[in-house]
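Engineer: I have a structure here, written as structure tokens, and I will follow up with some questions on it.
The values are calculated or read from the model by the stated rules, or taken from the named source; none is laboratory data. Quick caveat: nothing in here was measured; it's all calculated off a predicted structure. Virtual Cβ from ideal backbone geometry, glycine too; neighbours counted across all protein chains shown. Only protein heavy atoms, including side chains, enter the accessible area calculation; ligands, DNA and RNA are left aside. Shrake-Rupley method; radii C 1.70, N 1.55, O 1.52, S 1.80 Å.
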Amino acid sequence: VQLQASGGGLVQAGGYLRLSCAASRIMFRAYDMDWYRQAPGQERELVASITSDGGTTYANPVKDRFIIYRDNAADAVYLQMNNLKPEDTAVYYCSTVDRGRRRWGQGTLVTVSS
């Protein structure tokens, strides 16, 4: 499995970003996909998930602000992040479970200034 995340950057509070994750070496449409984040000095946390059939779940801090969606034709999953807050600053990772093991992309840094 290869997961390549992109789209991070520096944005002001209230702004938006869209993260992308390109997957390869898997039958993407069959996999549930997740976005995690890790802020400095904190543990990695689950942000949003999308099942293979499109069902979504969100962590409470991002509900009503973030949207996870997927494009099976492009083997990609996205995270639309709206109304960003300084506490959203973190490295964001896309992830999936393949053959019983959690797999990670390399992460993309999101910095939200106040």
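Engineer: Of (1) among the hydroxyl-bearing types (Ser, Thr, Tyr); (2) modelled with pLDDT of 95 or more; (3) surrounded by fewer than 21 Cβ atoms within 10 Å (Cβ to Cβ), SER24 satisfies all except one. Which?
Structural biologist: With (1) among the hydroxyl-bearing types (Ser, Thr, Tyr); (2) modelled with pLDDT of 95 or more; (3) surrounded by fewer than 21 Cβ atoms within 10 Å (Cβ to Cβ) applied to SER24, the lone miss is (2).
Engineer: Taking into account only those residues within the range 98-114 that are assigned to a strand (DSSP E or B) and basic (Lys, Arg), which is surrounded by the fewest Cβ atoms within 10 Å (Cβ to Cβ)?
Structural biologist: So the residue we want is ARG101.
Engineer: Follow-up. Within the range 37-76, which residues are assigned to a helix (DSSP H, G or I) and open to solvent by 60 Å² or more (accessible area, probe 1.4 Å)? Before you say what the answer is, go through the steps one by one.
Structural biologist: To start, the set of residues in the range 37-76 that are assigned to a helix (DSSP H, G or I) comprises 60-62.
Hits for the range 37-76 are ASN60, PRO61.
Engineer: Output the residue which, of all residues in the range 1-50 that are among the β-branched types (Val, Ile, Thr) and closer than 29 Å to ALA73 by Cα, is nearest to the chain's Cα centre (by Cα).
Structural biologist: Just the residues of the range 1-50 that are among the β-branched types (Val, Ile, Thr), to begin with: 1, 11, 26, 47, 50.
Remaining after also requiring closer than 29 Å to ALA73 by Cα: 1, 26, 47, 50.
On the way: VAL1: 16, ILE26: 18, VAL47: 7, ILE50: 10 Å.
Per the stated criteria, the residue is VAL47.
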